[in-house]
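Okay, structure first, notes after.
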Amino acid sequence: DVDAVALLRSNFSENTKGLKVIIGERGDEAVKALEEQIPNKTEGYYISVGKDQVVIAGNDEAGTYYGVQTFLQMAARSEVTAAEVKDWPDVLERGVVEGFYGNPWSHKDRLRQFDFYGKNKLNVYIYGPKDDPYHRHQWREPYPEKEAQLISELAKAAAQNKVDFVWAMHPGGDIQWNEADLNSSIQKLEWMYALGVRAFAIFFDDIFGAEQSKGEKQAEYMNYLTREFVQKHPDVAPLILCPT
């Protein structure tokens, strides 16, 4: 994994100079002899620390990345003589929803959080601050150029830290179940896709319109978005729904 190797190189300290490090993931020639040691679990990894050599072997890209994060925590200690680690998550989705009212987090806050998530093996961030107008009240409209660039930067920074950046759309306040709003919904998702977003959520929380709150209408809408957007982009994750 390119991100795992870059992380390791950028954090190599005095404590690790002169140490041979072998890094790879299941299927790589470098760690082929150790495949039985690698947990066959999503995001799992194996670490072996000896006197002169360290092996970091992941079951997948995220596992390799998390293995590097664990090794860097070990290397930060004053002395490590030998260790063996086999680790994987029992909870597959671990993260935070920014979905509150009031001032949203700043761009700098979010970038710092992604670094924190990577170090602590959190893998999901859902962007849905209620007071972002292009998430909620002006959901049909594209982000202006400056704000769009920030979203693109967030998606890229999240990916580098093995975090799924999930952008949420909140159409429930005024959506009409008609062709115009169906088209507007697809267009907005396509705009976000062009910014690098590959995971999406739809929020129908905190709404009061009787028509917008109908569960069967929300289900039809989600099925439409899945059929006309998600299934046409093989790299897009299944939609996340917050119903009323």
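Once fully extended, how much extra length lies between residue 115 and residue 183, figured as 0.36 nm per residue of separation less the alpha-carbon to alpha-carbon distance?
Working: separation 68, 0.36 × 68 = 24.48 nm, distance 3.61 nm.
Computed gain between residue 115 and residue 183 is 20.9 nm.
Cut-off under 23 Å on the C-alpha distance; same-chain residues fewer than 8 positions from residue 214 excluded. Which lysines are left, in chain and number order?
130, 188
With the Cα gyration tensor of segment 196-244 in hand, give its eigenvalues times 5 under a square root as the equivalent ellipsoid semi-axes, listed largest first in whole angstrom. Walk me through the intermediate numbers first.
Values: eigenvalues 104, 28, 8 Å².
Equivalent ellipsoid of segment 196-244: 23, 12, 6 Å, largest first.
Subtract the Cα-Cα distance of residue 78 and residue 191 from 0.36 nm times their separation in residues, and report this length gain in nm to one decimal.
Details: separation 113, 0.36 × 113 = 40.68 nm, distance 4.90 nm.
Contour length minus the Cα-Cα distance gives 35.8 nm.
Just to confirm my numbers, what's the Cα centroid distance between segment 158-206 and segment 37-107 in Å?
Spelled out, the Cα-based centre of one part sits 30 Å from the other.
Of 119/162; 20/51; 20/119; 32/119, which sit over 18 Å apart, Cα to Cα? Kindly include the intermediate steps, with their values, before the conclusion.
Details: 119/162 10 Å; 20/51 10 Å; 20/119 22 Å; 32/119 26 Å.
Too far apart for the 18 Å limit: 20/119; 32/119.
Looking at the chain, send over the antiparallel percent of its DSSP beta bridges, to the nearest 5.
Values: 10 of 31 bridges.
Of those bridges, close to 30 percent are antiparallel.
Note down the relative contact order for the chain as a percent, whole number, built from C-alpha pairs under 8 angstrom at least six residues apart. Please list the in-between numbers first.
Numbers: 407 pairs, mean separation 32.4, N = 244.
Reported as a whole number, the value is 13 percent.
Compute the distance in nm between two label points, each set 7 Å from the Cα along the Cα-to-Cβ direction, one at residue 216 and one at residue 156.
Spacing of the two 7 Å Cα→Cβ label points: 4.7 nm.
Report the charge-dipole magnitude of the chain in Debye, nearest 20, computed about the Cα centre from +1 at each Lys and Arg Cβ and -1 at each Asp and Glu Cβ. Working shown, then result.
Working: 27 positive and 38 negative charges, 117 e Å.
For the chain, the charge dipole is close to 560 debye.
On alpha carbon coordinates alone, what is the Rg over Rh value for the chain, Rh being the Kirkwood radius?
Values: Rg = 21.3 Å, Rh = 19.9 Å.
Radius of gyration relative to Kirkwood radius: 1.07.
Would you mind getting me the FRET efficiency between residue 105 and residue 235? Use the beta-carbon distance for r and R0 = 25 Å, nearest 0.05. Each step should come with its number before you reach the end.
Details: r = 27 Å, r/R0 = 1.06.
The calculated FRET efficiency here is 0.40.
Name the aspartates and glutamates eligible as straight-distance cross-link partners of residue 41: C-alpha to C-alpha under 16 Å, and not fewer than 8 places from it in the same chain.
Within the straight-line cut-off, residue 41 pairs with 25, 60, 61, 87, 90, 93.
Using a Cα-Cα cut-off of under 13 Å, which aspartates and glutamates could be cross-linked to residue 86, ignoring same-chain neighbours fewer than 8 residues away?
35, 36, 43
Per the Kirkwood formula on distinct C-alpha pairs, the Rh of segment 1-65 is how many angstrom? Provide the component values of the computation, followed by the final result.
On the way: mean 1/r = 0.0839 Å⁻¹.
So the Kirkwood estimate lands at 11.9 Å.
None of the figures in this text is laboratory data; all of them are computed from the coordinates on show. This one's a predicted model, so the numbers in the text were calculated from it and none came from an experiment. All Cβ positions, glycine included, derive from the backbone under ideal geometry; neighbour counts span all protein chains shown.
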